[in-house]
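Below you'll find the structure, written out as C-alpha cells, and then a few comments.
Each value in this text was obtained by applying a stated rule to the coordinates, not by laboratory testing. Because the structure is predicted, anything quoted here is derived from the model rather than measured. All Cβ positions, glycine included, derive from the backbone under ideal geometry; neighbour counts span all protein chains shown.
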Number of protein chains: 2
Amino acid sequence: MLSVLALLADIEAGRTTRAAIAARIGEAIAEREPELQAFAHLETERLLDGDAAAAAGPLGGLPFGVKDIYDTFDMPTTYGSPIYDGWRPLSDAAVVTMTRRAGGIPVGKTRTTEFAYLQPTVTRNPRHPGHTPGGSSSGSAAAVGAGLLPFAFGTQTAGSMMRPGSFCGVAAVKPSYRLLPAVGMKTFSWNLDTVGLFAATIADCAYVLSAISGRHLRVDGTDCAAPRIGVVRSGFSVEAEPAMCEALETAVRKAEAAGARVTAVDLPAALLDADRVQPTIMEFEGAASLAHEMDRHRGQLSPKLAEALLRGGAIPVETYDAARSTAHAGRRCFETLFSDIDVLLTPSAPGAAPAGLGATGSPAFNRLFTLIGAPTVNVPGLTDPAGLPLGMQLAARFGRDDMALRAGAWLEAVLAD
Amino acid sequence: MLSVLALLADIEAGRTTRAAIAARIGEAIAEREPELQAFAHLETERLLDGDAAAAAGPLGGLPFGVKDIYDTFDMPTTYGSPIYDGWRPLSDAAVVTMTRRAGGIPVGKTRTTEFAYLQPTVTRNPRHPGHTPGGSSSGSAAAVGAGLLPFAFGTQTAGSMMRPGSFCGVAAVKPSYRLLPAVGMKTFSWNLDTVGLFAATIADCAYVLSAISGRHLRVDGTDCAAPRIGVVRSGFSVEAEPAMCEALETAVRKAEAAGARVTAVDLPAALLDADRVQPTIMEFEGAASLAHEMDRHRGQLSPKLAEALLRGGAIPVETYDAARSTAHAGRRCFETLFSDIDVLLTPSAPGAAPAGLGATGSPAFNRLFTLIGAPTVNVPGLTDPAGLPLGMQLAARFGRDDMALRAGAWLEAVLAD
C-alpha cells in the first residue's frame, strides 16, 4: 500500500518526486485495475498535472479517490446506479472541496454499491479476487488496499467502511457523526450516513482527517500510552466466525502484553435495543430519500434495493419515532461505558471477506456505532489461515476521534510486532 | 388567500372544480405576479393538466409552490444564484416527491434569496409592494399571501419561514427538526436547515403536513382546549418595536379572554447562550457547505454572502464545537420550560415588514427555536396601524408539532374574533 505519511516524507527528503509517485501509481493501476475494477471513473492524466498550489498544502498534491456517492463537478457521478449514468453535478461535495484545499488531487471516482446499499458492484477484493471487497465503499477500500491510491473517501450508513476496511486489510476511520460534512453526498439515511476515509495506516487516516478538518488529530502510534480497552465478545446480531474469534483473542493477548488493561464489556440492554432498531431508521429514511428514484425509475433499481425501499415505506411513523427514541437512549447509555475504559474493541466483521461477489458481507458489528454516531476505526494487521485480512474495530465515545485514532495507531503497531 | 381545506371542501361539495380553481389561480397570477415576482419559474399550464391519480390523493390535485432551494427534476433549480442559472437536477427533493404522492401538483419554483442567505431577491410584499416580503422563503410567502397558490414550501435556517410568514400575513409551520426530510435541498447548515410550509391558515398547514408526512397532525381550531401559554417578552438579541409589543399584548389579552392561562416566561441563561451561538453554527457550516461555490464561483456570490462564508471559514473548530455543546445544553434546558405550559408565545419578528427591498428583516425572534429544533408556527391575524401584518410565533417542545399546530389554530381563531 501507499502510505500518505511515507510518501510525503519521501518527497520532503528528496527520495522521490510527485512525478515518480504518479508513474508508480499509473503502473499499479495499469496492472491491477483491469481485474479489480475499483474505479467508476479514472483520470490518471491528472497525476501528471503540475499543481503548485496543491503541492504546497498539507496533502502535498497527493492523489485521492472519491466514492462515487459524492458529487464532483469535474468527474461524472453515478451513485452506483444506471439512473445516473453520465450524470454531471455542478458542484463538489463539501469534503471534496475541503480536500482539494488541503492539497489533495481527486483522480477518480471509486465504485460504490447502488446508492450505497447492499446490491454488490463489480469490484473485487485486492487480497483475493474471488472474494468480495465488502461494501458499500467497495472501490475505495480496494483501491487503497491494492496500492492504487494513498487514500480514498467512503461513507458508512450501517457498516460500509469498517467492513470493506476489514475485508481488504485497509485502515479506515469513520469519524464522529458530522465531524466531516455529508453535504453533496447522495443521502440514504440522514441520521446515519457518515463520511469517512481509507488509507494504508491509521496514522495516515489521522493525518488526512487533520489536514481537511483543521482538527488536531495526528497520531504516530508511539506517543500514546497503552489504552484501557473494553473488549465486546457478544451481543451483536451475528456471531463472529471461529477465525475472527481467534483474531480477537490474539489482539487482546498482544494488547495486554504491550501494557493495555483489557476488560470484558457486555453491551447493556439499551445498546442491544439500539442495535436492533438501526435497520428501521435506515429503511424508513431510505424510502424518503430515494422516493423520486422509486417513483420514476423503479425499473432501474435492483430488486434488493426496491424491496428495502418498499419495506421502509411501510414502516409506520410511530415505529420510526420509537426507533429514534431508542437510538437516543442508546447514545446516552453508550457514554456511560467509558468511565474506566478508553475504547471498545470488537471484530470489524463476522469473519474474512466471503467468497464470491454476490454479497458484500454483514454490517452486524458496525451498525450500532453508526447509529450512536461514535467514531470507529478499522485496524488491519491480522489474517485468517488463508491469508485473508481480519480487521479489529475500535470505538470511542462521541467526539473522541482523537482517542479512537490514538488507540488505533497503538493497536496497529502492537499487532504488527 | 386560497385555503387548502376550503378548496377541497368546495370540490367535494361540487361547488367548484379543479378547472375553475386553475382558472382562478391563473387570473390571480396574471394580475399579481408581474409586480410581486414571487416565482423563479412557473408552469401555469400544469394547472389545467388532468391528473386523476393526484386528484384522488388527500391533496386532491391542488397546485403548490416549491422554494427554489429544493431540487426538482421537471423544473429548473437555481438556489437563487446565477451560478446555477438554468440548472436541471435529475431528481426531486424528497418532500417534493412526497407531496406529489399525496396528490399535490408542483406548478412553480418560488424565489429564494441567494442560497437562502440574506441577500434579498426581487420579490415584493403582497400586502404592500414597497416592503420586503422577508426572506429567505420570499417567493413562497408572497405567493401564498397574494392568493396565487394554496400552499408552498419554504426552509428555515435562522428565521426564513416565521419572518416572511409574519411580514406577508401568512400561516407558516416550521416542524420539528427533520420531521420532513431535507434531502434534495441545497444545504447551508446541516444542523439548522429545516423544511416547512406556508398556507392560508394553520389548519391548512396542519392538513398538508399530515398528508405528506403520514402523521396525525390535523387540527380545525375548535377541538382544542385553551392552551397554557408562556409569553416571552424579552431576551432576544433585538427588541420588539412598539407596534409589535402592542400586538403581543393584544394576543395575550384575547387569549386570556378566551380561557387561556398566560404566564410570563423569562428565557433561562442556557437559552440566551444558545441564541447567541446560532450564527456561529450557521456560518461555520455554511462555509463548508458552499466551499465549492466560494472556490470556483466567488465572483458570482453577493458580497454579503461571500463575507459570511469568509467569517464562517475563519471560525476555529474549537469555537464551533463549543457552540454545538451550548446548543445541546440549550435543547435540554428548553424541555424544562414545558412542565406547566404547552407553548411559548413570542413575536414572529421585531415588527412589520421593513420598507424597501434592500434587506429581508431580522431573524432575531426565530433563530433560537431553529437551533433547538422545536416546532414553531406563525399565526397571522394582527396588523400594525398601517395595515401591515404582525405575526405571533408559537413554539412547542421538540416532537410536539401537534401541540404547536393545535395551539396555533386556536390562537388564530381567537385573534380573528
Original post:
Would you list A:Thr44, B:Thr113 from fewest to most Cβ contacts within 10 Å?
Top reply: A:Thr44, B:Thr113
**OP:** Report ³J(HN,Hα) in whole Hz for each residue of segment B:172-180, in order, from the Karplus equation J = 6.51 cos²θ - 1.76 cosθ + 1.60 where θ = phi - 60°; Gly and Pro get x.
**Re:** 8, 10, 10, x, 3, 3, 6, 4, 9
Original post:
Amide H to amide H under 5 Å from A:His131: which residues, 5+ apart in sequence or cross-chain, H placed 1.01 Å off N in plane?
Top reply: A:Asn125, A:Gly356
Subject >> Relative intensity, log₁₀ I(q)/I(0), of segment B:316-409 from a Debye sum that treats every alpha carbon as a point, q = 0.14, 0.17 Å⁻¹ >> reply: -0.62, -0.83
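Would you please classify the overall shape of the protein assembly as shown from the alpha carbon gyration tensor, given that a ≥ b ≥ c denote the square roots of the eigenvalues, rounded means a/c under 1.5, and beyond that prolate means a/b larger than b/c while oblate covers the rest? Write down the numbers at each step before the final one.
Working: a/c = 1.92, a/b = 1.71, b/c = 1.12.
In terms of gyration-tensor shape, prolate.
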Original post:
Measuring from the lowest to the highest alpha carbon on each principal axis, how far does segment A:54-156 reach, largest first, in angstroms?
Top reply: 41, 31, 21
Subject >> Eligible lysines near A:Lys304 by straight Cα distance, threshold 23 Å, same-chain separation 8 or greater >> reply: A:Lys67, A:Lys186
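Could you list B:Leu59, A:Leu411 in order of exposure, starting from the residue whose Cβ has the fewest other Cβ atoms within 10 Å? Walk me through the intermediate numbers first.
Working: B:Leu59 25, A:Leu411 28.
Ranking B:Leu59, A:Leu411 by Cβ neighbours within 10 Å, fewest first, gives B:Leu59, A:Leu411.
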Original post:
With each pseudo-label sitting 7 Å past Cα toward Cβ, what's the B:His216-A:Leu310 distance in nm, one decimal?
Top reply: 2.8 nm
Subject >> Charge dipole magnitude, Cβ of K and R +1, D and E -1 - segment B:4-213, Cα centre, debye nearest 20 >> reply: 440 debye
**OP:** Express in whole angstrom the spacing between the alpha-carbon centres of segment A:186-202 and segment B:107-122.
**Re:** 32 Å
Original post:
Near the amide H of B:Asp384, under 5 Å away, which other amide H atoms are found, from residues 5 or more places off or on another chain, if H is placed in the peptide plane?
Top reply: B:Leu390
**OP:** Using the charge dipole of segment B:309-417 (Lys, Arg: +1 at Cβ; Asp, Glu: -1 at Cβ; taken about the Cα centre), state which of B:Phe334, B:Leu344, B:Trp410 has its Cα farthest towards the positive end.
**Re:** B:Phe334
Original post:
If you bin every alpha carbon distance in segment B:1-123 into 5 Å steps from zero, what whole percent lands in each bin?
Top reply: 2, 11, 19, 22, 19, 15, 8, 3, 1, 0
**OP:** May I ask for the percentage of alpha-carbon pairs in segment A:332-378 that lie more than 14 Å from each other?
**Re:** 59 percent
Subject >> Cα-centre dipole for chain B with unit charges at Cβ (Lys and Arg positive, Asp and Glu negative), debye to 20 >> reply: 320 debye
Subject >> Within segment B:1-73: Cβ-based charge dipole about Cα centre, in debye rounded to nearest 20 (Lys, Arg +1; Asp, Glu -1) >> reply: 240 debye
Subject >> Gyration tensor (alpha-carbon) shape descriptor, segment B:4-213, a/c threshold 1.5 >> reply: rounded
Original post:
Label-point separation (nm) for A:Arg228 and B:Asp417, each offset 7 Å from Cα along Cα-to-Cβ?
Top reply: 6.2 nm
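Let me have the 222 nm mean residue ellipticity of the protein assembly as shown computed from DSSP H runs of 4+ only, each contributing -39500 (n - 2.57), with the sum over all residues rounded to the nearest 500. Walk me through the intermediate numbers first.
Working: 28 runs with 328 residues, N = 834.
Here the helix-only value at 222 nm equals -12000 deg cm²/dmol.
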Original post:
Taking a ≥ b ≥ c as the square roots of the eigenvalues of the Cα gyration tensor of segment A:184-312, is the shape rounded (a/c under 1.5), prolate (a/b larger than b/c) or oblate?
Top reply: oblate
Original post:
Just counting partner chain Cβ atoms within 10 Å, what average do the residues of peptide A:287-298 show around their Cβ?
Top reply: 6
Original post:
Amide H to amide H under 5 Å from B:Asp92: which residues, 5+ apart in sequence or cross-chain, H placed 1.01 Å off N in plane?
Top reply: B:Phe73
Original post:
Among B:Arg261, B:Arg101, which comes first, then next, by fewest other beta-carbon atoms within 10 Å?
Top reply: B:Arg261, B:Arg101
Subject >> Whole-Hz ³J(HN,Hα) from phi, Karplus 6.51 cos²θ - 1.76 cosθ + 1.60, for segment B:264-270, glycine and proline x >> reply: 7, 10, 9, 5, x, 3, 4
Subject >> Which of B:Ala40, B:Ala54, B:Val232, positive extreme of dipole for the protein assembly as shown (C-beta unit charges) >> reply: B:Val232
**OP:** For segment B:33-47, take each phi angle, set θ = phi - 60°, evaluate the Karplus expression 6.51 cos²θ - 1.76 cosθ + 1.60, and give the result in whole Hz per residue in order, putting x for glycine and proline.
**Re:** 4, x, 7, 5, 6, 7, 10, 8, 7, 9, 10, 4, 5, 5, 4
**OP:** In whole angstrom, note down how far apart the Cα centers of segment B:225-271 and segment B:20-76 are.
**Re:** 37 Å
Subject >> Cα centroid of segment A:312-336 to Cα centroid of segment B:377-408, whole Å >> reply: 30 Å
**OP:** Give me the Kirkwood hydrodynamic radius of chain A, using the inverse of the mean 1/r over all pairs of distinct Cα atoms, in Å to one decimal.
**Re:** 21.0 Å
